[in-house]
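Trainee: Take this structure, written in structure tokens, and hold onto it; I'll ask about it next.
The values are calculated or read from the model by the stated rules, or taken from the named source; none is laboratory data. All of these numbers come straight from a predicted model, not from anything done at the bench. Every residue, glycine among them, receives a Cβ derived from its backbone with ideal geometry; neighbour counts consider all protein chains shown. We work out accessible area using only protein heavy atoms, side chains counted, and drop any ligands, DNA or RNA first. Shrake-Rupley method; radii C 1.70, N 1.55, O 1.52, S 1.80 Å.
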Amino acid sequence: MITGVRLAASIATVLSVAHVAVGCRRQPEALASPPGPKPLAVRLDYLNHLGLDAVVKGRPVRVVSLYAEAPDYRPTGSPARDGYEGIASLDDAARAAVVYLRAYETTGDTRARDQALGLLAFVVGMEQGDGEFVNFVDAQGRPNRNAPSSRKSMSYWAARSIWAMGEAVRVLGPHDSTELTTVRPVLDRAVNRMAREIDAGRLIGGSATATSEALLGLLALQRAEPSPRIAALAERTAALLVPLSMGSMQTAPWGARVDSPGETWHAWGSRSTAALAEAAVVLSRPDFAVAAQREADGLWGRFLLAGQVPSALTSRPVNSSADAGAQWFPQIAYGVGPIVEGYLALADATGKREYGVLAGLAASWFLGANPARVNMYDEATGRTFDGIDGPAPLRLNRNAGAESTIEALLALQRVASNPEASQYIHYRAVGAPASSLASVPDRREFAGSGRERVVIRRAANGTVGLEPNARTATPIMLTYWPAANPPETRLAMRLAKQWNAENPDVQVQVQPLPAGRSSEEVLLAAIVAKATPDVSSNVSSALLARLVRANGVVRLDNRVATAARLQERTNPAMLGSLRLPDSGIYAFPWKTNPEMLMYNVDLLRAARVRPPRTHSELLAAFKRLTRDTDGDGRPDRWGLWATLKTTWYERFYDFYPLYLAGSGGKTLVVNGKIVFENEAAVAALELFRRGFAEGGLPHSNFAIGRDPFIDGTVAMKIIGPWFLKELNELKVQGLHFDVVPMPAPDSSTPDKHYAFADLRSIAIFSTTRHPDEAARFVAYLTSPAADRLLLEDASQLPYRRGLATDPRFTESLKSWPTLSTYAKYVERTRDIDVDPDVVEIFDLISEAYEESAIYGKVPVRKALARAAAEARNIVNAR
């Protein structure tokens, strides 16, 4: 650990040494791929291969071929044994649409969106005008209305259509709502038809599976567009699933959820656990999570103890306990995948890490932990074999049809977004599988690729879970430096304490960032002194490029734990500004503070001023809010305070937020080119020039420690959500405030407005001896549970997609006034550029701000042109 003496000496020399390290202008070097398993690759190539163009009701659609036989995998329709049902089914197309929608959500790939829209067109085309659907079409696009598996009805294919359309509204609605114009009336009719079944107390298609999949659609719709009517229908649907769990933790069938008492439980499509867990989150009904846990903790835990997943299980009493009614084959993706998804839904609903671990152990079937010892899922193409039959002889079905591939992708997409599941999918059960669910061992060990081990065991009450890790004599020690401010230090101590309790083999010691002029200098000094921590969570974008060029930090998007958390939390657009020239992510985007215009509600009301949304409205507000309240002939109350200080980061609270709001999100440097000499920059500087020149802004820095917004001297303030906690701690009485987005030029359009992010990231330093363990800790610091604490304890926003509408964070966002408004801008933010000279560039802008805006000595355009020219000289000298 770095000492105070060494740090002081390092800070004295850090700027010159750091410039030597950075000044060589090397491009960032991609570190060698870390040893061990790589992040799971979820590919859609093979699903694309199965896709076919068709015409239904005269309109072009996309469908998915039912079958593809080895070795050439040519898409084909149903064979004679199935009665020549058709070439493609709604059952597969709807689930494939969910796959593509999830892919678009996490990758931003418009090809996935287009595939989803083509499949949704097929869904629309198969609806019969009353909310019921036909399932199969032939090669000419003609619906098969006669086969029992295709007849017009509210059954499996209708339920999956509701699921797909609900997901479409959730994923596409905020950005591509015009694409849903044909979907919405069909969805409305299908939901109304579904409601008639539910209100009559009937399962959809008489099936817990179909009912669960329809419920998933309702929940997606409720997440996107909260509605009392949809929420009530979803609650009634979930309530039908709750009592279907049979037996107990101690007695067969150990919580299995079946269509009706005495019916056989099928692994195939066992999605009631996932649906109930999701309902617990979306509907704020923890009792649904308790119900969901019954099958997972009892029955599925036995599968893991047995070392294999059966395809079916009788729920009736059996004469012999030799197999307790279990049928072990065939094993197919449709059986394993829903179990994996159920575990991961429970991880979200309960916050319990162990469900992610169990999901990974179950998902290992796809990567070779199966009776055939074959990778059922091919990471190179996304193809999944159709199944394994047996037990004697054991036969691997190398065909790869739609259902197997789709179900594998649905499960593995979620695995790839969960750090625990991504890690434990590479573990293997130790020992031979059990042949009876009635006589499974009380504990089973699973082994990783090295010496790693994890053990599951059955408790006295019959539930199955993880065995606590034994404390090792010499645990791995990690050092974590959070920011030194009290709220973040307290949060770090709280999270580290919880981590240490759950991970006795990897212990974390917290030390707030040592004192220095800035965190940037402290961390650069630590690199020079070779005394960096393992992890720090106060890395700014201004520092990141320098750390990377000095080879000071570890790449994170090629490590299992952090790659999974990045996928769960962000999308490519959110990561774009953090990618270095080698496309790597070297700091984990942790928290963001989108700056908005905070205003004193009472002062604006008294002046009859509406919260300003444009530059002209803001200038008008300055005039109306500037007053002489004590009659001495001089103003003593103003509209807004902008500091007179020229320190580079002061522009975060005046020029830069206004510039981003007017530039359409364009920052200062793009692809190594200076781009801020533009009309948005002119407009921002001109607004402040007029504000100072016309007396609407005070020529004062005020007393140290005094906040003129808090005492009512100014009516507005440009600030981020961290200020909310400060206001609370100061116990300000009588201050009523609200926030609005940053005012933009009058000619700009709202959909192009961006906020300044003031992003802070977490880095793992290259001096660490334990990068994988550190990556696991970073994934823990950025988990949903940790993000809730960040919101509640620090009034700061996790850099997380969909934060404002994610039901997991609804209550946490209510912890502070206006926090939910700030949250709406998380994905509409821009930070400063990840550029080694960005501080110097901001210094130049500060000089232009001072001479043109504050004191009016130089025309705005001239000052801006001079700053841009000098900035270009800096960049061109690299």
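Trainee: Tally time: how many residues in region 11-55 are at pLDDT 50 or above, crowded, with 20+ Cβ neighbours inside 10 Å and hydrophobic (A, V, I, L, M, F, W, C)?
Mentor: 6
Trainee: I'm checking my understanding of the structure. Among residues of region 823-845 that are open to solvent by 10 Å² or more (accessible area, probe 1.4 Å) and in a helix (DSSP H, G or I), which one is nearest to G576 (Cα to Cα)?
Mentor: Out of the qualifying residues, it is V839.
Trainee: If you don't mind, there's one more thing I want to ask. Taking A848 as the residue in question, decide whether it is closer than 13 Å to F676 by Cα, open to solvent by 40 Å² or more (accessible area, probe 1.4 Å) and either of a type in the set (A, V, I, L, M) or modelled with pLDDT of 95 or more (or both).
Mentor: Working: closer than 13 Å to F676 by Cα: yes; open to solvent by 40 Å² or more (accessible area, probe 1.4 Å): no; either of a type in the set (A, V, I, L, M) or modelled with pLDDT of 95 or more (or both): yes.
For A848, the condition - closer than 13 Å to F676 by Cα, open to solvent by 40 Å² or more (accessible area, probe 1.4 Å) and either of a type in the set (A, V, I, L, M) or modelled with pLDDT of 95 or more (or both) - is not met.
Trainee: Turning to a different aspect of this structure: So, in region 107-123, how many residues would count as being surrounded by fewer than 22 Cβ atoms within 10 Å (Cβ to Cβ) and among the β-branched types (V, I, T)?
Mentor: Residues in region 107-123 being surrounded by fewer than 22 Cβ atoms within 10 Å (Cβ to Cβ) and among the β-branched types (V, I, T): 2 in total.
Trainee: Go over the candidates K731, K752 one by one and state the one that is among the charged types (D, E, K, R) and touching a Gly at 6+ places or on another chain (Cβ under 7 Å). Explain how you work it out, then say what you get.
Mentor: On the way: K731 fails: touching a Gly at 6+ places or on another chain (Cβ under 7 Å).
It is K752.
Trainee: Same structure, new question: Can you run down the residue pairs with Cβ atoms below 8 Å, 6 or more apart or on separate chains, where the first is in region 556-581 and within 26 Å of A755 (Cβ to Cβ) and the partner is assigned to a helix (DSSP H, G or I) and of a type in the set (S, T, Y)?
Mentor: Sorted first by the residue in region 556-581, then by its partner, the pairs are L556/T562; Q567/T106; N571/T106; N571/T107; P572/T107; S577/S541; L578/S541.
Trainee: Still on this structure, I have one more. From the residues in region 432-467 that are without any contact (Cβ under 8 Å) to a residue 40 or more places away in the chain, within 30 Å of G36 (Cα to Cα) and open to solvent by less than 70 Å² (accessible area, probe 1.4 Å), which one is nearest to the chain's Cα centre (by Cα)?
Mentor: Residue satisfying both the conditions and the ranking: G448.
Trainee: Can you tell me which condition D45 does not meet? The list is (1) out of contact with any Ser or Thr (no Cβ under 7 Å at 6 or more places or on another chain); (2) farther than 25 Å from G205 by Cα; (3) charged (D, E, K, R), and all the others hold.
Mentor: (1)
Trainee: Identify all residues within region 480-501 that are open to solvent by 30 Å² or more (accessible area, probe 1.4 Å) and over 30 Å from W300 (Cβ atoms); write none if there are none.
Mentor: Hits for region 480-501 are A484, N485, P486, R490, M493, R494, K497.
Trainee: So how many residues does region 396-431 have that are in contact (Cβ under 8 Å) with a residue 24 or more places away in the chain, of a type in the set (A, V, I, L, M, F, W, C), in a loop (DSSP other than H, G, I, E, B) and out of contact with any Gly (no Cβ under 7 Å at 6 or more places or on another chain)?
Mentor: Number of matching residues: 2.
Trainee: Enumerate the pairs (first residue in region 290-308 and more than 19 Å from G351 (Cβ to Cβ) and without any contact (Cβ under 8 Å) to a residue 60 or more places away in the chain; second residue anywhere and assigned to a helix (DSSP H, G or I) and of a type in the set (F, W, Y)) with beta-carbon separation below 6 Å, excluding pairs fewer than 6 apart on the same chain, so at least 6 apart or on different chains.
Mentor: Cβ pairs passing all conditions: none.
Trainee: Given R95, R113, which one is under 23 Å from A214 (Cα atoms), out of contact with any strand residue (DSSP E or B) (no Cβ under 9 Å at 6 or more places or on another chain) and in a helix (DSSP H, G or I)?
Mentor: Numbers: R95 fails: out of contact with any strand residue (DSSP E or B) (no Cβ under 9 Å at 6 or more places or on another chain).
Going through R95, R113 in turn, just one is under 23 Å from A214 (Cα atoms), out of contact with any strand residue (DSSP E or B) (no Cβ under 9 Å at 6 or more places or on another chain) and in a helix (DSSP H, G or I): R113.
Trainee: Would you be able to tell me the number of residues in region 755-778 that are open to solvent by less than 40 Å² (accessible area, probe 1.4 Å) and touching a Ser or Thr at 6+ places or on another chain (Cβ under 6 Å)? Outline the logic, then answer.
Mentor: Narrowing region 755-778 to residues open to solvent by less than 40 Å² (accessible area, probe 1.4 Å): 755-759, 761-765, 768, 771, 774-775, 777-778.
With touching a Ser or Thr at 6+ places or on another chain (Cβ under 6 Å) added as a condition, the list becomes 755, 757, 759, 762-763, 765, 774-775, 778.
Of the residues in region 755-778, 9 are open to solvent by less than 40 Å² (accessible area, probe 1.4 Å) and touching a Ser or Thr at 6+ places or on another chain (Cβ under 6 Å).
Trainee: Six or more apart or on different chains, Cβ atoms under 9 Å: show the pairs whose first residue is in region 480-493 and at positive phi and among the hydroxyl-bearing types (S, T, Y) and whose second is open to solvent by 30 Å² or more (accessible area, probe 1.4 Å) and at pLDDT below 95.
Mentor: No pair meets every condition.
Trainee: Go through (1) more than 19 Å from I230 (Cα to Cα); (2) within 29 Å of the chain's Cα centre (by Cα) one by one and return the number of the condition I162 breaks.
Mentor: (1)
Trainee: Among all residue pairs at least 6 apart or on different chains, which show Cβ distances below 6 Å where the first residue, located in region 803-816, is within 21 Å of V171 (Cβ to Cβ) and of a type in the set (A, V, I, L, M) and the second is part of a loop (DSSP other than H, G, I, E, B) and open to solvent by 10 Å² or more (accessible area, probe 1.4 Å)?
Mentor: Every condition considered, the pairs that remain are A804/K824.
Trainee: Scan G401, G368 and give me the residue that is open to solvent by less than 20 Å² (accessible area, probe 1.4 Å) and touching an Asp or Glu at 6+ places or on another chain (Cβ under 7 Å).
Mentor: Working: G368 fails: touching an Asp or Glu at 6+ places or on another chain (Cβ under 7 Å).
When all the criteria are applied, what remains is G401.
Trainee: Continuing with this model, one more query. Residues being aliphatic (A, V, I, L, M), free of Cβ contacts under 8 Å to residues at least 60 places away in the same chain and out of contact with any Phe, Trp or Tyr (no Cβ under 7 Å at 6 or more places or on another chain): count how many of those fall in region 671-708. It would help to see each step written out before you state the result.
Mentor: Of the residues in region 671-708, the ones aliphatic (A, V, I, L, M) are 674-675, 680-685, 687, 693, 697, 703-704.
Retained after the next criterion (residues that are free of Cβ contacts under 8 Å to residues at least 60 places away in the same chain): 675, 684, 703-704.
Okay, now just the ones that are also out of contact with any Phe, Trp or Tyr (no Cβ under 7 Å at 6 or more places or on another chain), so 675, 703-704.
So the answer is 3.
Trainee: If you don't mind, there's one more thing I want to ask. What number of residues within region 210-231 are open to solvent by 30 Å² or more (accessible area, probe 1.4 Å) and over 27 Å from the mean Cα position of the chain (by Cα)?
Mentor: 1
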